[in-house]
Each structure stands twice: as C-alpha cells, then as structure tokens.
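Below is one structure; the comments refer to it alone.
No value in this document is a laboratory result; all are computed from the given coordinates. Small disclaimer: the values here were computed from a predicted structure and weren't measured. Reconstructed Cβ throughout: ideal geometry from the backbone, glycine too, with neighbour counts over all protein chains shown.
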Amino acid sequence: MDAARPSAVRRLAPTDMGTYTIVHRFADRSAGFPDRPALLGDGQPVSYATLAASAGGHAAVLAAAGVSPGDRVALLTPHGAPTVAAILGTLAAGCAYVPLDPGFPADRLRHMLAAARVRAVLTAPEHRDLADRLAAVLTGPEHQLAGDRPGVAVLTTDAVTPAPLRPAPVDPDALAYVLFTSGSTGLPKAVGQSHRNLAHVVDNQIATLGIGPDDRLSLLASFSFDAAIPDLYPALLTGAAVVPVDLRRHGLAHAVDQLERHRVTVYHSTPTVYRFLLDALGDRRLASVRAVLLGGEQATHADAARGRDRFAPGCVLVNGYGATEMTFAARYALPLVDADPAATGPLPIGTALPGYHLDLTDDSGEIVVRGRHVAPGYLDRVDDRFSRDADGVWSYRTGDLGARLPGGDLVCLGRLDRQVKVRGFRVELTEIEAVLAAEPGVGAVRAIARDGELLAYARPAGGTLDPAALRAALARRLPEYALPRAVVVVDEFPLTVTGKIDERAAARPGRRPDRAGS
C-alpha cells in the first residue's frame, strides 16, 4: 500500500458506517455462526451464541441500573471470556468501555476512573471490594447516573443472566472505549476512540491479514491496552476464534501449550514476548501459525531470521506500527522464508495503512501520523503533540525517530527519548541493542543509560553467554563513546504489563555488578 500524501484527503476520508457498529456486526455474525467457537482456552469452548447471550445479559444489567447510552463503564474483570462478554455488553448498551487491570495500584486506578469520567463500574465478584473503594471517592456530577443517586454505580457480573443481544443504536462518532497510555508526569493519559475509528482499525486488520472463519487468533495482551484490539474484533467479526492467554498469571509455557493445542493461525505479541516464545519453544515449531504480527516496540531483522523455520511454510511476519492514539497506522510484511540471517538493525515499518499518512518532521525526523482515525487528543488534558488542520484532520507527533528508505518504506529507529548523551556524545540506545542482538546465542537485549554510563543486558536464547566476549564484539562495531561499560548476562527480564522489558526493574542494583563483562 502506498502512503498517501497530505493533499490526498480522499484517502483520509472517514469510514462510512452509519449506526452499524462493531457490536451490531458481531450480533449478525453470532446469528450466522451460532455454534462455532468464539473463544478457546482451558475449559469448554465458548460458542458465538453463548457469547452473544452473555453480552446481551451484561447490556441488560447496565440498562436496569440506569446506565444510559453515551455513559462510560469501567470493567474490573478477569482476562478472557468474562472481559470479552463485558466489553460486548457495554458496547451493546451504547456505552464506552474502560477496561482496567485489577493488579494496578489503587491510586492509579482511581486516577483512571476520574480521568475517564466513568459512571458505572462492572466488576467480577472477587474485585467488588476494590471497586467499592475506588468508587467511593468519585462523587462529582460527571460520575452520576441519571436520577438522584450520587457517585459511581458498582455492578457485579454475578447478576448477569443470558439475554438476547439487541445493540442500541449509537452515533458512530461517539466513544467506543477509553484506554490509557503512559504520561511523562507519571500519571496515565486517557485516549478515547470512536466507534468509527475502531471499525476502521478492525477492517484494516482483517484486510491486512486476510482473516476468515478458519482462523484462530492469539490474544496475549491485557484488555487495558490497545494491543488486544487487533486480536479480538477481527476474529469475532469474521467467525474466527480467539485464544486468550493471561501471560502474567500462567506464564509462557502455558501460552505455548495453548497456541499448540488450539492450532493458532495468527500470532500477535510484542517483539520481547516473541523472543521469549521462541526460546520457550526449543526445537518445536508452531506449524499452524501462518502470520506473525509484532508491534508495540522495535522489531529487528534478527527477529525475522530466528522465526524462519519455526512456523508454517509460507508464514509472513507483519511488523505493525502504531500507538494507543491510533492503534495500527502502518505495516511491513516479510515472508519469513525471505528473512536474511545476515541483516541487522530494525525491520521497516513499511507504508501507511488506508486512512493514514505518515511523514517525518524536518527538524528531528520525528514520525507524524495524520488521518481522520487518529484520536482527537487526550480526554483529560491538552497536549501539543496533537494538531488539527483546516480540513478537520488530526495529526499526532509520535515521539519516534524515523527515516525513509530508498524504496519508500519507513523505518522506526527508536524513541526520541532513547537518544541519550554520554560524555557529550549523542548515543542511540537501539543501535547498541541491534548490534548486541545480532551476536550468536543472544535472545532478548536492553541497553540503558544510568548515572552517566551505558550498560547492556543480554538474555541467552539457549545455552550460555560470555559477557566479556559480548562486550568485545560490541567494541568491534561501536565507537568508543557508545560502548557500554559492562554487558550483564541475565536469566530473565522483568516485563511490564504491556509485554515490554521493565527497564527500571532490570537496572536495580542487584543486576548491576561492578565489572560484569567489562
């Protein structure tokens, strides 16, 4: 797909959907495929008919409590079928869903509820006490349901009984969901996306991966992050099945078991989780996987080369590019059989998907995404990274450093905030990581700058690593000022809830020996 130029507004026209939203499409699909499995996991498959009836029951509970179309409903539910049913039920009620992770600190959750201006919390019984504590302090009129009852309503899912799914009509430009992204102040920022934007992202994903009724899609991300969207909805709108796995609760070995057992055809994760997956597979292959989708952080040529013989013949690796502010806006597809083991550095992010335009700023090379399906700013604050032109089209400065390759593809070179200065020299941490990741036997890597010095961490892909040899290899490829003071070999990396390496935890004092590999 060719990237649109800024003047090509017709390419940036909004999706024409009327009031036929995602949940209306799911209702039709469930009527057409009532007995097909919608969700697969450890227990019995959940059919389309069963999921639709559960969603209808959730919508009925919200309506009975006085929740009105346009209200925002927070979800405190377990990963998997309970959250999927709650999401669909909230959408069917004409409301926007706000998925929350019960494992987050209470102060953070309280900020999220306030920023999203929720009027109801739909919670699993085991999280009722937490929901009551969070709701108790939200007493402003923006949190009040229609009527006289003050504060946020707390509803439990044990009150749900199956009911027909009859989605309410909604304005396509009304909010479908609110998610949160990290903020420089330490407080998460609320991003709201409309039904129109959600439908556009989902349709792009279905077309990009050719998803159909015979597919089975992994869902490894938390529902509180945008990475769950390209797994959940494309499956449920095509008659395919979703395989949700709670990585933090059950671990990678369980994920591998589920991927194999249910013969997943489309795999999606961050590059970090993908690397851990390949390590966990050992000599095995996921022979049913026809497409691997990576996103959320930088993927490399080494990632592609490692996957050459691990999936189905003809498997394609798709490097997706986006953020919570627009989900996926670009993609680069590479048949894994064509992956070059000698290639180094990041994979391209390719070209813009329909409805988006990607460009680079002249001053810093920052990637800017423009399109009618970019979120119109944050809900709870003004941010100068968003701007709107005379045609009403939004642009978002991503904070990512990019470059355009001779063939027209874009490559993301890393975060602008991952450029650091060491002894007066500008160093790109992702360059160190790319060189280190290219060394034999190296799995996951991370370079950090702390207290004016560079450190690199490496996890073996299998076997052992010699930190001194790795540092010597870096010395052969990097200028002296970019050479880490030490390479530290670790057995594992701590992960954030988004499936990325937790740099703060990785750099704690116990992981910083004085002269490891120096």
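One table, with the values for the structure above:
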{"read-out": "Charge sum, other residues only, whose C-beta stays under 11 Å from Pro167's C-beta, Lys/Arg counted +1 and Asp/Glu -1", "value": "+1"}
{"read-out": "Sum of side-chain charges, Gly443 neighbourhood, beta-carbon under 14 Å (Lys, Arg +1; Asp, Glu -1)", "value": "-1"}
{"read-out": "Pair Asp214, Asp173: separation of 7 Å Cα→Cβ label points (nm)", "value": "4.2 nm"}
{"read-out": "Volume per residue of the C-alpha convex hull in segment 29-133, rounded to whole Å³", "value": "99 Å³"}
{"read-out": "Projected label distance in nm at Thr464 and Ala287, using a 7 Å step from Cα toward the beta-carbon", "value": "3.5 nm"}
{"read-out": "Sorted by Cβ density within 10 Å, fewest first, the residues Asp309, Asp35", "value": "Asp35, Asp309"}
{"read-out": "Length-normalised contact order for segment 179-240 - Cα pairs under 8 Å, 6+ apart - percent", "value": "32 percent"}
{"read-out": "Stretchable slack from Thr361 to Thr19, in nm (0.36 nm times residue separation minus alpha-carbon distance)", "value": "119.4 nm"}
{"read-out": "Within the chain, helix-based [θ] at 222 nm, where runs of 4 or more DSSP H residues each add -39,500 (n - 2.57), nearest 500", "value": "-8000 deg cm²/dmol"}
{"read-out": "Arg331, Arg415 arranged by Cβ crowding within 10 Å, fewest neighbours leading", "value": "Arg415, Arg331"}
{"read-out": "Length added when fully stretched, Ala475-Leu252, from 0.36 nm per residue minus Cα-Cα", "value": "76.9 nm"}
{"read-out": "Spacing of the two label points (7 Å from each Cα toward its C-beta) at Asp389 and Ala333, in nm", "value": "2.8 nm"}
{"read-out": "Thr327, Thr208, Thr344, Thr361 arranged by Cβ crowding within 10 Å, fewest neighbours leading", "value": "Thr361, Thr344, Thr208, Thr327"}
{"read-out": "Whole-number percent relative contact order across the chain, with pairs defined as alpha carbons under 8 Å at least 6 apart", "value": "12 percent"}
{"read-out": "Inter-centroid distance (Cα atoms) of segment 212-248 relative to segment 252-313, Å", "value": "15 Å"}
{"read-out": "Amide proton proximity set for Ala486, modelled H, under 5 Å, gap of 5+", "value": "Ala456"}
{"read-out": "Charge context of Asn319, other residues only, Cβ under 12 angstrom, K/R +1, D/E -1", "value": "-2"}
